[in-house]
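Take a look at the structure set out below.
The values are calculated or read from the model by the stated rules, or taken from the named source; none is laboratory data. What you see is a predicted model, and the numbers here were worked out from it, not measured in a lab. When we count neighbours, we look across all protein chains shown, and the Cβ atoms used for this are built from the backbone with ideal geometry, even at glycine. The protein model used for the area step is the full one, side chains on, heavy atoms only, and it has no ligands, DNA or RNA in it. Shrake-Rupley method; radii C 1.70, N 1.55, O 1.52, S 1.80 Å.
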Amino acid sequence: MTNFDMKRFGRVLKWSAVMTRKEMLTNAAAMFFAMFLPFIIQMTAGYRSPEAVVAAGINTAMQIDIFIYFIIVMIGGCRLFSNMNTKEQRITFRMLPATDLEKFAARALYVTVAWWVMAIAAFCLADVCRMLISLTVGIDVVGSAIPGFIGHVFGGGWDDAFTVNGSSESAALAAVAVTAAWLFFVHSLYALGGAFFRRRQFVLTSITVCILGFIGSILFVHFVDNFHADFQLSWITALAWTGTAVFAALGLLDWWLAYWIFRRMQAVNNKWVNL
């Protein structure tokens, strides 16, 4: 059997989509309710309010949903091997006529591309429901929040958000890059936790991330305390690009470790870490 075959990989993807459809629907429903809650609060507060107040409320709800979206993106990695919780599931998945790389890639696509698309679709559905309910009860619709949401998620307006006190576009771009690399790294940590921990993946990985975040915060505060006012902006930009490279490398390492663990998973007794 060759290491990677596209036709065989396509069959694994189809099989994975069929076998996880219930899980996907459940997760998509949870995402929808999480995205819709800020709109419910906005509609309640904006009832019988002027259009400008309603528009401001919708923008605030959209900003909250953007934050929720990135939380969903980061924690989705812990579902990497949610299809291997029971002995029967593990045996079925491990015995598929495909290579380990093909099976791992199929699950990786689920917790990345599929998971992110589900979250975007959940927001779009939440916004459509918000507009329909607003029309029904007589609240100003103002407009759809979908274009603004998509624009922010895929980088629109990020340069303005990171450009402070007239700093250069290169510094803003470096800030965007290091933020994206940090998100990639945290997501990879959840993916590694989903492979490493046999039970309570989300809880144990979140605890690990909190501990690492606490240590990182101490180091960051130490750096700020020793920060000199004459520290040149070009040095800060270089430091941001260095951080981007470090976070990206650590993220790739986490994914490689998750694959290394997957190849050594025991289907019957499910032993790796007895937690």
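Per-structure values
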| quantity | calculated |
| --- | --- |
| Accessible-area value, ILE72, 1.4 Å probe, nucleic acids and ligands omitted, Å² | 20 |
| Three-way shape call for the stretch 1-95 based on the alpha-carbon gyration tensor, with the a/c threshold at 1.5 | prolate |
| For the stretch 1-148: accessible area per residue (Å², 1.4 Å) | 51 |
| Which of ASP5, ASP127 is most accessible, then next, and so on - probe 1.4 Å | ASP5, ASP127 |
| Trypsin sites (Lys or Arg not before Pro) restricted to the stretch 42-98 and DSSP loop, no more than 14 other C-beta within 10 Å | ARG48 |
